[in-house]
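The values are calculated or read from the model by the stated rules, or taken from the named source; none is laboratory data. Quick caveat: nothing in here was measured; it's all calculated off a predicted structure. Please note: Cβ atoms are built from the backbone with ideal geometry, for glycine as well, and neighbour counts cover all protein chains shown.
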Amino acid sequence: MGMGLELRGQNATWFFEAGAVRVRYATGLRVPALLKELKELVVPDTALAGAAVSAGNRKVTLQMRLRRGACPLLEAAAGQLGEGADPYRLVLRADQADLADIYAEDLRGRAALNPEADRPAERFLLPAPPPPRHVKAYDGEGVFDGSTVMFRWAWSGASSAKWRAGDQVFPVSEIVDVEWAAPGVLSGHLRVRLRGDDPTRSEDPDQDPRALTFGVGYGLTHESLTFAASVLVAIADHRAVAPAPAVAPVPPAPPAALPSAVLAPPPPSVSAPESGVNPDEVIATIRKLGELRDAGLLSDDEFQRKKAELLARL
């Protein structure tokens, strides 16, 4: 469903295209730095879960609802983004309330066409800002080149524990997650979680060489959150192309136990020919083998092999 129209708001303009909504962010002084950093996002209809409209304080807000797991930025933020920095929120004038309702219905209609809309996305459906990424922290800096995360410590802010550990290099192949805590006056951090880590590990970020700490003027959201989202996408891409873990070959199962009368050659008979094998018993045994094959207890190859062995004895 596509209206081929655009809706201009105070913080962005939404273009309703066939199969997607293109979001182009404004660049004014009052626009949050995160939106300016993103510049533009294309939201495929498959990422939509619905829409909502809210009014208040002489403005109307149109909100896209995305499927959980569709956007790496929202996954990294984990609910910590303020309203103003929400990339899927369009601020409109109060007299645009009717327009907001019309376009909200369009968004809901797009979501309704996707039978998976109410389920979490199995992979990211939107991109993150591409590498290289850089973040300036209170105790150092982080650099991500697309395949490796590097933390370099600053002499003026890093703890002695981090100085002793030295600069850190983390290949994407060893990173399983990124933890982002929004920057505050004296709080906030970015931490990488590595393969084999204890999931309950909660070391103080100030002492943890796998974490950068923020503070006033450090770890700014438009730097640190886009950094975290970019690493999350790289982790997902690595998992998608990494070979499956090697599995030790499973030895073939022994053939199903068969009655001794079936597998063992028939006993000599006084009326048997010189070969010592009674043709009638061989034929009866082959019939039994055929029944076992038909019942799934013998493979066709096993049946043919046993049959050939028995016929060779005649």
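Within segment 61-81, identify whether any single residue is in contact with a strand residue (DSSP E or B) (Cβ under 9 Å, 6 or more places away or on another chain), surrounded by fewer than 18 Cβ atoms within 10 Å (Cβ to Cβ), of a type outside the set (K, R) and not assigned by TED's automatic domain parsing to the domain that holds D177, and answer yes or no. Looking for residues that are in contact with a strand residue (DSSP E or B) (Cβ under 9 Å, 6 or more places away or on another chain), surrounded by fewer than 18 Cβ atoms within 10 Å (Cβ to Cβ), of a type outside the set (K, R) and not assigned by TED's automatic domain parsing to the domain that holds D177, one finds at least one in segment 61-81, hence yes.
All conditions in (1) in a strand (DSSP E or B); (2) surrounded by fewer than 18 Cβ atoms within 10 Å (Cβ to Cβ); (3) modelled with pLDDT of 95 or more hold for V21, with the sole exception of (2). Residues of segment 90-147 that are among the charged types (D, E, K, R), more than 23 Å from the chain's Cα centre (by Cα) and surrounded by fewer than 21 Cβ atoms within 10 Å (Cβ to Cβ): R93, D95, D98, D101, E105, D106, R108, K136, E141. Among the residues making up segment 173-227, those that are assigned to a strand (DSSP E or B) and in contact with an Asp or Glu (Cβ under 6 Å, 6 or more places away or on another chain) are R191, R193, L194, T213. I'm trying to understand the selection: among the residues of segment 136-151, which are in a loop (DSSP other than H, G, I, E, B) and of a type in the set (D, E, K, R)? Those that are in a loop (DSSP other than H, G, I, E, B) and of a type in the set (D, E, K, R): D139, D145.
Could you say whether any residue in segment 103-122 is in a loop (DSSP other than H, G, I, E, B), basic (K, R) and farther than 21 Å from L225 by Cβ? Within segment 103-122, one or more residues are in a loop (DSSP other than H, G, I, E, B), basic (K, R) and farther than 21 Å from L225 by Cβ. One residue stands out in segment 152-172 among those that are in contact with a Gly (Cβ under 7 Å, 6 or more places away or on another chain) and in a strand (DSSP E or B): the one that is surrounded by the fewest Cβ atoms within 10 Å (Cβ to Cβ), namely R152.
Is there a residue being buried (at least 18 other Cβ atoms within 10 Å of the Cβ), under 25 Å from A182 (Cα atoms), outside the structural domain of V192 (by TED's automatic domain parsing) and polar (S, T, N, Q) anywhere in segment 4-13?
Among the residues of segment 4-13, at least one is buried (at least 18 other Cβ atoms within 10 Å of the Cβ), under 25 Å from A182 (Cα atoms), outside the structural domain of V192 (by TED's automatic domain parsing) and polar (S, T, N, Q), which makes the answer yes.
Give segment 54-74 a look and list any residue that's farther than 30 Å from L232 by Cα and in a strand (DSSP E or B), or say none. Within segment 54-74, S54, A55, G56, K59, V60 qualify.
Looking at T148, T200, just one residue is closer than 15 Å to R133 by Cβ and not assigned by TED's automatic domain parsing to the domain that holds A85, and that residue is T148.
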